[in-house]
Structures are given as structure tokens and as C-alpha cells.
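This report concerns only the one structure given below.
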Amino acid sequence: MSRKSELPLYTGGCQCGAVRFRTSQLLDNAHVCFCRMCQRASGGMAMGWVGVANPALTWTKGLPNTFSSSEGVGRGFCKECGTTLYFSRASRSYQFLALAAFDDPHDIEIRFTWGNESKLDQLAQCAEVPAHNSIEDTASFERARLTNKQFKIKH
């Protein structure tokens, strides 16, 4: 008797846990975008994205709000904590989920970069400046760990 192989399950959501998603299929288009619109939408130097076909995406808790950032384009976010969750175009049968919104984004391989004309010069400086881990300041880390409202995954 053969066992049916299980598809991998990818889960994720916002920082506070009000919005959660799952999918078993990622498109082969994971990338980092440096465009000004992604910088502004995230408040960061770049956004990581991976495509998910609309039928393969399930919102398992809550629903994101959407900001129409340009004609036919929606950017989804949690109305409670503001976490960026997706980018979509009305003309496509898929949407891009934010890589950092996945519970375990480490296994999603980046295939290309986009919007390189807007890449901030400060990114190149990262390799040249001192690097610190967030837990080096033990007292601050412990205080944050005990008081943060970050969603915690229950295994």
C-alpha cells in the first residue's frame, strides 16, 4: 500500500496574530524588491515577496485590510498591528505574500531582485559596519521578551 505524500504546509500571519494564512504551494518567484513603493509600504529598505496562486491561499484567521496603492494594485495589511501581508494586481491569478510574514521564511529561496534603481546605498554599508545580535543587551532582550505582544506559534 502506498502512502500519499503530503505537500509542505506554509503558514504565517501578522505580528499580533489577528490575521493568519496558510498555503501548500509557493510559486518559483520569490524575490526582494527595492522599489520606493515597497520601501514606503514596509517602512524598510526592501520587501521580500513570494507568489501564491489565489486558490492555494487560505486566510485561516481574520482578513487583511487593503490599501489601493495604485490602479489595480492592492497591498494587504493587518488593521490591528499594521503588518504588511501581501501585494496583488487585479490582473493576476496570484498574489505576493510578504516573506517576513511566514512563520518559517528561511527555506524560501530568493530567485531575483527587483526595483534595483531604488536600492538604498545604506544596504551596501551593512557588510562594513559592526554587527550585533539582538540578544547582546540581555536586560533589554529579556524585557522585550516578557512584555511584547508578538504572536507566538503554538506547536
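See the values below:
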{"item": "Relative contact order for the chain, counting Cα pairs under 8 Å that sit 6 or more residues apart, in percent", "result": "27"}
{"item": "Accessible area of the range 59-155 belonging to carbon and sulfur atoms, whole % at 1.4 Å probe", "result": "52"}
{"item": "A53 versus I153: modelled label distance in nm, points set 7 Å from Cα along the beta carbon direction", "result": "2.4"}
{"item": "Global form of the range 69-117, assessed from the alpha-carbon gyration tensor, a/c cut-off 1.5", "result": "oblate"}
{"item": "The range 6-55 - percent of accessible surface contributed by carbon and sulfur, probe 1.4 Å", "result": "52"}
{"item": "Count of lysine pairs in the chain with Cα separation under 19 Å (8 or more residues apart, or interchain)", "result": "6"}
{"item": "Bins of 5 Å from zero: percent of alpha-carbon pairs in the chain", "result": "2, 8, 15, 19, 19, 16, 11, 7, 3, 1, 0, 0"}
{"item": "Difference of contour (0.36 nm per residue) and Cα-Cα distance, I110 to L27", "result": "28.8 nm"}
{"item": "Residue-normalised accessible area of the chain, given per residue in Å² at a 1.4 Å probe", "result": "69"}
{"item": "Of L99, L85, L123, the one that fluctuates the most in a GNM where the chain has Cα springs shorter than 10 Å", "result": "L123"}
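The values are calculated or read from the model by the stated rules, or taken from the named source; none is laboratory data. On a predicted model such as this, the values are computed, not experimentally measured, just so you know. When we count neighbours, we look across all protein chains shown, and the Cβ atoms used for this are built from the backbone with ideal geometry, even at glycine. Surface areas here come from the heavy atoms of the whole protein model, side chains and all, with no ligands, DNA or RNA. Shrake-Rupley method; radii C 1.70, N 1.55, O 1.52, S 1.80 Å.
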